[in-house]
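Throughout, read-outs are computed from the coordinates displayed, never taken from laboratory work. These numbers come from a predicted model, not from an experiment. Cβ placement follows ideal geometry from the backbone for every residue including glycine, while neighbour counts extend to all protein chains displayed.
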Amino acid sequence: MSVWSEMPMGPPDPILGLTDAFNKDTDPRKVSLGVGAYRGDDGKPFVLNSVRKAEKLVLDKSLNHEYAGIAGVPEFTKLSLAFAYGKDSPALKENRVAGVQTLSGTGACRVMGELLARFRGKGSAIYVPNPTWGNHIPIMQNAGLEVKKYRYFNPETVGLDFEGLLSDVQAAADESVFLLHACAHNPTGIDPTQDQWAELSKLMKTKRHTAFFDCAYQGFASGDAEHDAWAIRRFVADGHCIALAQSFAKNFGLYGERIGALSVVCNDQEEAARVGSQLKIVIRPMYSNPPVYGARLVTEILSDDALSKEWSGECKAMADRIMAMRSGLRGHLEGLKSTRSWEHITDQIGMFCYTGLTQEEVLKIREDSHIYFTNDGRISMAGLTTSNVEYVAESIFAVTG
Ligand SMILES: Cc1ncc(COP(=O)(O)O)c(CNOCC(=O)O)c1O
């Protein structure tokens, strides 16, 4: 008998477990539409040329492998915040934004969860959209917060339930914390319009709520990084002291480098210094300090105008390919004279399409056609290619009519 003997087998992760099942499937027609990672039209992972150039630049510098500080590579964090808030952000110019490098977006969310539990109390609430990225819930629960849901998705219209969202924001106790997806909502692909963001900002100000933006797709949603940061910059301009999680996994294709950032807009420089010190106190005993390589790559790109421009073009190309697959999938389904409306496929934005398929339909498509996507009907659009999009449409049509 050992301390490990009684340990039960845990359930597979709903998203990553799907990839394992796909890998085991031997049917040649199989298609993986599960994990939210970009693939080219060849179905393979895509390394951006701008990243390849950054790799060479970093290599040529023969840098050492010393620890980064607890807060990470300072130049990376500075560039990351300017990327999100804008080069001319008054908040950045006034040095009132506390920022740290984190283990990608997941790490940023967890550090924020821990900070909130520490200063608002274990069991204090955080509101997340219903539905949200599956991992948000265990991240925040494990950090010691109570996860509450606010209405977000309307199954009837397969669109945003903005009235429901507003009334839940109104009904929450004053000074609540709301997690908001900055762009390309995961899993629905449905974002508020700019007018709706503006209205939400006003209401959250009245209620003195704190907005915690999770931004994992800046540039990848619309193809324009400035456009995708609109909500973040509007809230800051409206005077919100927001928190912001950033991920460079998807938009820079740096998934496995675990590069991201967490920042908090404060009232002044002195407050930012205090918040920064508390962020470091959370990080130090969690993982001490972050890996340097991803930070160096992003720094090379964001600090060089030519490389930034090249990156921007490549990120737009990724977004454009996804949009082409949206039109393709919708077009084929309509061409098959499907009885359902599939407009939402092209109305939605970013990595995912929330199809509105039931779990039963998803499992039948998986069974009959060896097409893998999550039980909630979410399709990772980057898994579609010009050679499989028709097959996927036919397989969906076979089940939905
Ligand atoms: C909203 C959101 N926040 C944060 C993250 C964190 O990603 P990372 O930790 O890789 O930066 C992700 C990445 N999602 O993962 C892909 C999937 O849902 O299949 C995300 O979607």
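For the reader, a short list of remarks on this structure follows.
- Set of lysines near Lys24 by C-alpha distance (under 19 Å), chain-local residues within fewer than 8 positions excluded: Lys44, Lys364
- Length released on extending from Glu270 to Lys61, taking residue separation times 0.36 nm less the Cα-Cα span: 71.7 nm
- For the range 219-272 and the range 44-73, distance of Cα centres in Å: 21 Å
- Dipole magnitude for the chain: computed about the Cα centre from +1 point charges on Lys and Arg Cβ and -1 point charges on Asp and Glu Cβ, it is near 740 debye.
- Applying both filters, DSSP loop and at most 15 other Cβ atoms within 10 Å, to the GluC sites (Glu not before Pro) of the range 1-92 gives Glu6, Glu66.
- Share antiparallel - DSSP beta bridges, the chain, percent rounded to 5: 50 percent
- Signed unit charges on C-beta, dipole axis of the chain, positive-most listed residue Cys266, Tyr152, Ala225: Cys266
- Each residue of the range 204-215 was assigned a 3J(HN,Hα) from its phi angle through the Karplus curve 6.51 cos²θ - 1.76 cosθ + 1.60 (θ = phi - 60°); the sequence is 5, 5, 4, 7, 6, 6, 9, 8, 10, 7, 10, 10 Hz, with glycine and proline shown as x.
- Inverse mean reciprocal Cα-Cα distance (Kirkwood Rh) of the range 67-303, Å: 17.6 Å
- Legend: distances between Cα atoms for Lys53/Lys87; Lys93/Lys280; Lys87/Lys309; pairs beyond 18 Å are Lys53/Lys87; Lys93/Lys280.
- Rounded D (µm²/s) - the range 98-174, Kirkwood Rh over Cα pairs, Stokes-Einstein at 4 °C, 1.567 mPa s: 96 µm²/s
- Scalar couplings 3J(HN,Hα) for the range 240-257, obtained by applying the Karplus form with A = 6.51, B = -1.76, C = 1.60 to θ = phi - 60°, are 6, 8, 7, 10, 9, 9, 10, 10, 10, 5, 7, 5, 10, x, 10, 2, x, 7 Hz; x denotes Gly and Pro.
- Pairs of lysine residues in the range 105-216 - Cα separation under 21 Å, sequence separation of 8 or more or cross-chain: 7
- Shown is the FRET efficiency for Lys202 and Asn130, computed with R0 = 22 Å from the Cβ-Cβ distance and rounded to the nearest 0.05: 0.50.
- DSSP-assigned coil residues among trypsin sites (Lys or Arg not before Pro) in the range 92-138, each with at most 12 further Cβ atoms within 10 Å: Lys122
- Cleavage-rule hits (trypsin sites (Lys or Arg not before Pro)) in the range 13-68: DSSP loop, at most 10 neighbouring Cβ within 10 angstrom: Lys61
- Here is the size of the chain from its Cα atoms: Rg then Dmax, 21.3, 62 Å.
- For the range 237-360, Kirkwood radius (reciprocal of mean inverse C-alpha pair distance, Å): 18.5 Å
- For Phe153, the residues whose amide H sits under 5 Å from its own are Asn130, Asp161, ignoring neighbours fewer than 5 places away on the same chain, with H placed 1.01 Å from N.
- Built amide H within the under 5 Å cut-off of Gly34, gap 5+: Ser380
- Ranking Leu244, Thr374, Gly72 by how far each Cα lies toward the positive end of the dipole of the chain (charges on Cβ) leaves Gly72 at the top.
- Each of Pro131, His185, Thr210 was placed along the dipole of the range 67-303 (beta-carbon charges, centred on the mean Cα), and the one lying farthest toward the positive end is Thr210.
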